[in-house]
Amino acid sequence: MTSDTKRNWNPQTTLIHGGTLRSEFGETSESIFLTQGYVYESAESAEARFKGETPGFIYSRYANPTVDMFEKRMCALEGAEDARATASGMAAVSAAILCGLKAGDHIVAARALFGSCRWVVETLAPRYSIEATLIDGTVTENWEKAVQPNTKLFFLESPTNPTLEVVDIAAVAAIANSIGARVVVDNVFATPMQQKPLELGAHIVVYSATKHIDGQGRCLGGVILSDKKWIDENLHDYFRHTGPSLSPFNAWTLLKGLETLPLRVSQQTETAGKIADFLAESPEVSRLIYPGRADHPQADIIKRQMKGGSTLICFDVKGGKKAAFAFENALKIILISNNLGDSKSLITHPATTTHKNLTDEARAELGIDDGTLRLSVGLEDADDLLNDIGDALKAAR
């Protein structure tokens, strides 16, 4: 028995009930189908299932009931026709970029990318004779200028990691449509609660479900969402034969995370706004970037394409690396980590962690210096976090 995902439910309801598949036991919580394979009533039924003549599962590398529930629930939330869940966020990014390309094709990507995403575009793709051009994605004209006759894919994050730049997704999608290219958006920093790339014209959206979707530091996961035709013609065979599939247990964990996603993101965003305002007035801070503030460089675009701010803040402390490290080491509640989107507040020094492998010049282009810090706001009490940050700023002087 499958729940009705066609109803006009609001996100909070969809994320609790959407795509639920119940067994004959009528369980309340979704079941975990920890199985590799499946059995058939007869040789004829096995043949029919492999031919696609009858529905059903064949092998958990291809599909699994628990994973299927997670995919359907994400589709209902995102407004996508189809999805494939992967073992990690980077598995989702790699598959979304590579599955529809071939030698001789060309990618245009915003240069402000998570380090591993940039490696896929800048290092891995060229090994297979897929060219790539990196641009400042915040300038819409740059996308058009970078187009070549063989351009097949645009790739971007918005907001970006870690400096929270925002790209005009609708404008980029219009350029892509004019040349028959596809737009892939990594929507991790916005979350599906704050931004819907498919509604803005993007063709494919990817998530590291490890972040806000799980949101409690428990497991890895990723998901790719798009129209069914693109998934059938491009992703299906790539996924089936290369095996980046999500485990059933992790799918179950992510389903539990989805149930509280709206509550968590709402609270985290509210707290992040308070912290951003505090940091903006702090003499120890030389730069503050937060999508919920009017002084954000792309504030006009944010009003058009995002429903709210972000759970993340980017800021620079005066004094470079020494001051940034002193700030991190003085924190008592906020934890030092390279992760984000957790119920626990996490602080990251990108220059020595997530973006360490970039050259000094590349980091400078992205606005990352030795004093830059990325704060992922959790679910702790806002006043406790403000006090913790205030004490750490004193230590960074």
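The values are calculated or read from the model by the stated rules, or taken from the named source; none is laboratory data. Computed from a predicted model, the values in this text were never measured in an experiment. As a convention, Cβ positions derive from the backbone with ideal geometry for all residues, glycine included, and neighbour counts pool all protein chains shown. For accessibility, only protein heavy atoms count, side chains too; no ligands or nucleic acids. Shrake-Rupley method; radii C 1.70, N 1.55, O 1.52, S 1.80 Å.
Counting only alpha carbon atoms, the long axis of helix 320-330 and the longest principal axis of the chain meet at about 70°. In this structure, the amide hydrogen of Ala132, modeled 1.01 Å from its nitrogen in the peptide plane, lies closer than 5 angstrom to those of Ile107, counting only residues at least 5 positions away or on a different chain. The amide H of Ala112, built 1.01 Å from its N in the peptide plane, has Gly137 as neighbours under 5 Å, considering only residues 5 or more places off or on other chains. Estimated from helices alone, the mean residue ellipticity of the chain at 222 nm is -11000 deg cm²/dmol (sum of -39500 (n - 2.57) over DSSP H runs with n ≥ 4, per residue).
Counting only protein heavy atoms and a probe of 1.4 Å, the accessible surface of the range 323-397 is 47% carbon and sulfur.
When the chain is treated as a GNM with alpha-carbon contacts under 10 Å, the residue of Ile58, Ile313, Ile368 showing the greatest mean-square fluctuation is Ile58.
Given axes a ≥ b ≥ c from the Cα gyration tensor, I'd like to know whether the range 254-347 is rounded (a/c under 1.5), prolate (a/b larger than b/c) or oblate. Taking the square roots of the gyration eigenvalues as a ≥ b ≥ c, the range 254-347 is oblate. Computed 3J(HN,Hα) for the range 147-155, one whole-Hz value per residue from the Karplus formula 6.51 cos²θ - 1.76 cosθ + 1.60 where θ = phi - 60°, is 5, 10, x, 9, 6, 10, 8, 10, 9, glycine and proline marked x. In this calculation the C-beta distance from Ala48 to Lys394 is compared with R0 = 56 Å, giving a FRET efficiency of 0.20. For Lys274, the aspartates and glutamates whose Cα falls under 20 Å of its own Cα, not counting residues fewer than eight places away in the same chain, are Glu165, Glu284, Asp295, Asp316, Glu328, Asp342, Glu380, Asp381, Asp383, Asp384, Asp388, Asp391. In this structure the amide hydrogen of Gln195, modeled in the peptide plane, comes within under 5 Å of the amide hydrogens of Lys307, none closer than 5 places in sequence on its chain.
Just the protein heavy atoms count here, and of the accessible area of the range 126-168 at 1.4 Å, carbon and sulfur take up 45 percent.
Scalar couplings 3J(HN,Hα) for the range 238-251, obtained by applying the Karplus form with A = 6.51, B = -1.76, C = 1.60 to θ = phi - 60°, are 4, 5, 5, 9, 9, x, x, 5, 7, 6, x, 5, 5, 4 Hz; x denotes Gly and Pro.
DSSP bridge analysis restricted to the chain gives an antiparallel fraction near 55%, rounded to the nearest 5.
The Cα atoms of the range 192-328 give a gyration tensor whose axes a ≥ b ≥ c have a/c of 1.5 or more with a/b greater than b/c, which makes the shape prolate.
A full extension of the chain between Glu144 and Thr123 corresponds to an added length of 5.3 nm, given 0.36 nm per residue minus the alpha carbon distance. Of the options (1) 28, 59, 12, 0; (2) 28, 56, 16, 1; (3) 21, 39, 29, 10, 1, only one is P(r) over Cα pairs in 20 Å bins from 0, in percent as computed from these coordinates, and that is (2). Per-residue 3J(HN,Hα) values for the range 215-221, derived from phi via the Karplus relation 6.51 cos²θ - 1.76 cosθ + 1.60 with θ = phi - 60°, read x, 9, x, 9, 8, 9, x Hz in sequence order (x marks Gly and Pro).
With a 1.4 Å probe and all protein chains left in place, how much accessible area per residue does the chain have, in Å²?
Working: 16990 Å² over 397 residues.
It amounts to 43 Å² per residue over the chain.
When a 1.4 Å probe is rolled over the protein heavy atoms, the share of accessible surface on the range 238-292 that falls to carbon and sulfur comes to 55 percent. Take every DSSP beta bridge whose two residues both sit in the range 173-328, then give the antiparallel share in percent to the nearest 5. Here the antiparallel bridges make up roughly 75 percent for the range 173-328.
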